[in-house]
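The structure appears below as structure tokens.
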Amino acid sequence: MKRWRLFRRARQQPLERRPFDLLSLTILVVLGVHAPHLPVWLSLGLALLLGMRWLQRHRLGGRAPAYLKLPLIALLAAAVISHYGTLFGREPGSALAIGLLVLKLFETESPRDARVGAAFACFVLMAALLFDQGMVETILVAFGLLPALATLRALQPARPQTSLPRELLPALGLLLISLPLALVAFVFVPRLSSPLWGTNGNTQARTGLSPDMSPGDFFDLLTDDRPAMRVTFEGTPPPNTQRYFRAYVLSNYDGRTWNRGDADGSPAVVAHGPAIRYTVVLEANGQRVLPALDVPLEAPREGHLGPDREVRADRPVNDPLVYTLSSAPRYQLQGQLDARARQRDLQLPADFDPRAHALGRRWRQQFGDDDQAIAQAALKLFHDGGFSYTLSPAPLGHNAVDEFLFGTHEGFCEHYASSFTVLMRAAGIPARVVTGYQGGYWNDIASYLLVRQADAHAWSEIWLAGRGWVRVDPTAAVRPERVSQGAAATNAATSADWAPTQWWLGWRNRWDIVNQWWNQGVIGFDTLRQHGLLTPFGVHDASEGLLALLLAIGASLSAALGLLWAMWKRPDADQARTAMQLLEKRLAAAGVARRHSEGPQHFFSRAARALPSHRDTLEHLMRTYLELRYAHDEPPADLLKNFRRAARDFRPRRVVK
Amino acid sequence: MEEAIRRFRLWAERRLPALTRYRRPEDLPIVLHRRRIYIVPTGFGAAFTVLLLVMLLGALNYTNNAALMLTCLLGAATSASMLVAFRSLNDLRLTAVRQSEAIAGEPMVLHLVFTGGDHAHASIHVEMDDQIEAFAVQARGETVVSLNLPTQHRGWQPLPRLKLWTHWPLGLFHAWSWIYPDQSVLVWPRPEVGGPSPSLPADDEKKQRLHQGEDIAALRAYRAGDPQRHIAWKHSARHEHLLVKDFEQPEAQEEWRLDWRQLAQLLPEARIARLARWLGEAEVVGRPTSLWLPSEDIGLGHGRSHYAHCMNALARLP
């Protein structure tokens, strides 16, 4: 008896050269997209192994020696553990996966192995996006799918033979035609409202603002050109001098480092003028702070307000985050300062900086109760005292503030903010350091503010009776253009060794629109935005069911379009034959089917006998058809038209038997 | 187990007319179209779907939209590959089946002629029993695929049902269609091995037919097509019509007049086997044969086509 199977197990032939090459290329691409987070020696080692295996199969042919496999796996595991300390987690896990993928190539000798390898490569490609969701990275990874799909395609027998680069083209075509369906699915796949399993933050060190500050810390940050956040304003944006984004408010000082302390409590009261509403797209930084324009009026959905009206995030920002806020540029923050808070904002470690303390006390005696005059005196000191702004200041010792104020006279925002705050506290004015971002690049084309890490800034707030906390930026006293024109102008002037042309800066800032669009449209497309998707159509909160329904409708539409494409046939150029086929179909429905190898004359005569009521029409049709077919080399157009019309209008009634 | 599968199949054929509609033989050309192409995921396709689901769940859990988009893209490409698989079979047609000569018990080479529709058809497999051949057909092109059909008995043998399938383009989907051409191939009888030569009637020796030779045997009237140099011009001058010299020569091989009735002592199949052997032997040395069968009387002749004619007649015997 014949064996009948639904799935026929394909006989395993040895793998041809082309799919092997494509698989090697796939793995190379996977290695490439993961390289930024892998240790260099591991990337190079794996690339070397890949190359060796490729050469070995082409030169010598056949399987890699089996005794190599186990030691290599052990070596891989040892390498991963020695570098990361564990096999589990995002970085070690992906490093291990890539290593296994490369080793898989060592035993790839059959189509089945290649198939498994290509599928696994797709998975590892996706894992690369866990590290960076940027647009360029995503597109690179999507292109990484091409060799993987081409590998699968090259495994099929009797395919058109082309060169290796051309093998990638059909895969590209496949991805392109599936793009609409992919977008529909992306928009309508219901998102999870809460994660199914723990998504503990990554431990990857990212440069960014840190919750504490000691002078000199910012250096890495100020030379970092990566975007920190992008802000779009409703209405006119505030002028450059008001673009102070507060992140951390630091009140505790130990003589060296400012930190936040453990203050908790309800946010300070604020009386305010007109508010500005704006949306921030914050790049991932691993921190739990949401920078907000001075001073935020309420907490966004993603965070809460601290006691000093700084906005704290509920979860570490490990992925780009979009939030919307209102802030008032004119405000009176914390009109009444209670004794405990006052004490906190006046404390100074005793055995540091005696000269600065003395200067503060002297100012107090000199100006009496006029706190504002004291602050002016300090700013005047910075402005006229021979201070300079530089990103590479001389190192400071134990009494950092004293050495800076009376010795080196050079530093950047942190030094000024820290010294100013120490001076104010010494004079008996409650003061604190605030870190955040200042300035940014206003992108005219897309109307948003791009804030880079280099825009990180530190300033001070002092408490004045009747006015509450007042922002004072001592750096502005030294270098006003830092505040009015932004960090780029200042830093470019300061560090002569790295001075990009204006053209390059402008080009880069304009290109950033694409990233802004990507972050807002794709990365920031969360549950809330998804549910608000149908607002233009009058549905304010689309439920999961509705989304699923829309997904189904979208998928069906795509399927219908795809089927149309799959079944589309070129219309028959022979119009007479088309008309004749229509006639045959109708006559067959009426009970007169044309027999195999029956001539038209015989067929029409038979039909006329079977359908006496249509005899005349059928005879006319037969004459026309025969003339059309056999009387002319090139049948006249009106005759063809005549026949087609007659065929179309002919509707025989069924034979009654 | 196999018995259970067979019973299930019979049940399915009874219950699901859509599956069995094309299990009846049908005339050539057979065109594949949407009503007769079926698609299921392959094992690899099912595993790949599970992988996609894992990727989807991971992307959703980590609210990683870039990964989600990539997963959607890969999923959509997977679905699109299903349409490509369908399209690869759609509009493919089997236009002709050519048989070759084969004697019972030996495989017969079948030539299946496939022509393409408006687009190219890549990586199609045709499967007959356990034989699989992969081929591709260009748009409006023609491809001939050869398969070996096992034969057992002489006579008309209907073609078995053929399966056309493809895993094109990514091996994720198995698209297939059954075709059952209403065509039979004629299998020649197997000659017996060893045995007596035909006993020739003694008087036949005298009536040796002379064939074209060098001696002029007679003159006859000119017939259209006679070579000019055979015309007897001198004799023709005395007649109204042209006369032609008729050359004759004794045949080198004596002819065999094979007769079904001479072998009355044998069973029918044994008679056929013996006649087949004689025909074969005569064919090898170029001996003219004639064959008398209850169904047919074939005159003297020799050569390959004559042999094929006689073998066909033998094969067709009831």
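Each reported figure results from applying straightforward, stated rules to the coordinates on display, with no laboratory input. The shown structure was predicted, so the numbers you read here are calculated from the model rather than taken from an experiment. Here the Cβ positions follow ideal geometry from the backbone for every residue, glycine too, while neighbour counts run over all protein chains shown.
Kirkwood radius for region A:17-177, taken over all pairs of different Cα atoms as the inverse mean of 1/r, rounds to 16.2 Å. Take A:604-614, B:137-147 and order them by the average number of nearby Cβ atoms within 10 Å per residue, most first; the result is A:604-614, B:137-147.
In region A:540-636, what GluC sites (Glu not before Pro) fall in a loop by DSSP, with at most 14 other Cβ atoms inside 10 Å? Please list the in-between numbers first.
On the way: sites: A:544, A:584, A:598, A:619, A:627; in loops: A:598.
Within region A:540-636, the qualifying GluC sites (Glu not before Pro) (loop, at most 14 other Cβ atoms within 10 Å) are A:598.
Amide hydrogen proximity for residue A:258: with H placed 1.01 Å from N in the peptide plane, the residues at 5 or more positions away or on another chain lying under 5 Å are A:213, A:214. Over region B:121-189, the pair-distance histogram of Cα-Cα distances with 5 Å bins from zero comes to 3, 14, 21, 23, 17, 10, 6, 3, 1, 0 percent, rounded to whole numbers.
Eigenvalues of the alpha-carbon gyration tensor of chain A, scaled by 5 and square-rooted, set the equivalent ellipsoid semi-axes at 73, 35, 21 angstrom, largest first. With contacts taken as Cα pairs under 8 Å and at least 6 residues apart, chain B reaches a relative contact order of 15 percent. Count Lys and Arg as plus one, Asp and Glu as minus one, and take only other residues whose Cβ is under 15 Å from that of residue A:533; the net charge is then -1. Lysine pairs in the protein assembly as shown whose alpha-carbon atoms fall under 27 angstrom of each other, counting only those eight or more residues apart or on distinct chains, come to 10. Can you check what the net charge comes to around residue A:119, using other residues whose Cβ is under 15 Å from the Cβ of residue A:119 (Lys, Arg +1; Asp, Glu -1)? Counting the neighbours of residue A:119, the net charge comes to +3.
Summing Lys, Arg as +1 and Asp, Glu as -1, what charge do residues with Cβ under 11 Å from the Cβ of residue B:196 carry, residue B:196 excluded?
+1
Working from label points 7 Å from Cα in the Cα-to-Cβ sense, the residue B:242 to residue A:649 distance is 6.2 nm. Model label sites at residue A:637 and residue A:391, defined 7 Å from Cα along the beta-carbon direction, differ in position by 7.6 nm. Computed from backbone phi with θ = phi - 60° and the Karplus coefficients 6.51, -1.76 and 1.60, the 3J(HN,Hα) list for region A:126-133 is 4, 4, 4, 6, 5, 8, 8, 9 Hz; x is used for glycine and proline. The mean sequence distance of close C-alpha pairs (under 8 Å, at least 6 residues apart), as a share of the length of region A:17-177, puts its relative contact order at 32 percent. Taking amide H positions as modeled 1.01 Å from N, with prolines and chain starts lacking one, the residues under 5 Å from residue B:110 and 5 or more places away or on another chain are B:147, B:148, B:149.
The amide H of residue A:276, built 1.01 Å from its N in the peptide plane, has A:327, A:328 as neighbours under 5 Å, considering only residues 5 or more places off or on other chains.
Per-residue ellipticity at 222 nm from helix content only, as computed over the protein assembly as shown with -39500 (n - 2.57) for each DSSP H run of at least four residues, stands at -13000 deg cm²/dmol. Pairs of Cα atoms nearer than 8 Å and 6+ residues apart set the relative contact order; for chain A it is 12 percent.
In angstrom, the C-alpha Rg and Dmax of chain B are 31.3, 114. Loop-resident trypsin sites (Lys or Arg not before Pro) (DSSP state other than H, G, I, E or B) in region A:617-654 with no more than 16 further Cβ atoms inside 10 Å of their Cβ: A:653, A:654.
For region A:379-395, the Karplus equation 6.51 cos²θ - 1.76 cosθ + 1.60, evaluated at θ = phi - 60°, returns couplings of 5, 5, 4, 5, 6, 9, x, x, 7, 10, 9, 8, 8, 10, x, 5, x Hz by residue, with Gly and Pro reported as x.
With R₀ set to 60 Å, the beta-carbon distance separating residue B:144 from residue A:615 gives a calculated FRET efficiency near 0.85.
Is region A:575-649 rounded, prolate or oblate when judged by the Cα gyration tensor, a ≥ b ≥ c being the square roots of its eigenvalues, rounded requiring a/c under 1.5 and prolate requiring a/b larger than b/c? Verdict is prolate for region A:575-649.
Residue-wise HN-Hα couplings along region B:112-126, as the Karplus relation 6.51 cos²θ - 1.76 cosθ + 1.60 with θ = phi - 60° gives them from phi, are 9, 9, 9, 10, x, x, 6, 10, 6, 10, 9, 6, 8, 10, 10 Hz; Gly and Pro carry x. Rounded to the nearest 20 debye, the dipole magnitude of chain A is 5040 debye, with +1 charges on Lys and Arg beta carbons, -1 on Asp and Glu beta carbons, and the Cα centre as origin. Beyond 14 Å, what share of the Cα-Cα pairs of region B:54-117 is found? Please give it as a whole percent. Roughly 73 percent, rounded to a whole number. Among the trypsin sites (Lys or Arg not before Pro) in region A:73-174, none sits in a DSSP loop with a Cβ that has at most 13 other Cβ atoms within 10 Å. Ranking of B:289, A:617, A:578, B:166 by neighbouring Cβ atoms within 10 Å, starting from the fewest: A:578, A:617, B:289, B:166.
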